[in-house]
1. Express in nm, to one decimal, how much length is gained between Ala82 and Arg37 on full extension, taking 0.36 nm for each residue of separation and deducting their alpha carbon distance.
2. Could you check the spin-label model distance between Leu72 and Thr206? Points 7 Å from the Cα along Cα→Cβ, value in nm.
3. Length gain on complete extension for the stretch Ala11 to Ser155, per 0.36 nm per residue less the alpha carbon to alpha carbon distance?
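Throughout, read-outs are computed from the coordinates displayed, never taken from laboratory work. Model, not experiment: these values are computed from the prediction. Heads up, the Cβs are rebuilt from the backbone with ideal geometry, glycines too, and the neighbour counts pull from every protein chain shown.
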Amino acid sequence: MVELGGVLGVALVALGMVLTPGPNMIYLVSRSITQGRRAGVVSLGGVAVGFLVYLLATNLGLSVVFLAVPELYVAVKLAGAAYLAYLAWNALRPGGVSVFAPEELPHDSSRKLFTMGLMTNLLNPKIAIMYLSLIPQFISLEAGNVLLQGFLLGSVQIAVALTVNLGIVLAAGAIAVFLARRPSWLRAQRYLMGTALGLLAVSVATDTSAPAASG
């Protein structure tokens, strides 16, 4: 059984990551604003499949590699902390550009929208770091089958990410207009997310737990 603390921890990490502008958000918002909500939803379908690929790959093999080479686990964990710190800095630094002011893009077919959503997610370093370094740290050896825990915690991340992204897709146009008229709200969002990510970076970097085995 997955511990409640692990579920809440993954949900918090997933929320902080999905609310921080990155490749997925930029692509989804761009398509939603320039080509409409339907294009954004189709693109989100590709992003969802990308999450499933990461979920399967990490839970069915990478934990074995981490157990065999614990130094690799430490390196990936530190890389995850460094990337979180980088995201925190990007959110807090002055002069940042809003993700809700994308460049004009040509209209694409549904097939291309789906494929681009999939590839954007598969090549997204935020998602790679989350599955390789962050989510495994919420798995508890004392809680039972760690493979099942990995799938359940990954499902929590996917649920949070898709719910938030769907909301962003459906409201992208309205959000863009709202933030354009209220720049102070945008700054407040950036400071809040930057602080949260910074604290997560410190937590990950100082964690001393060992990797968990699948099965």
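1. Computed gain between Ala82 and Arg37 is 12.8 nm.
2. Output for this residue pair reads 2.9 nm.
3. Stretched fully, the Ala11-Ser155 segment lengthens by 50.8 nm.
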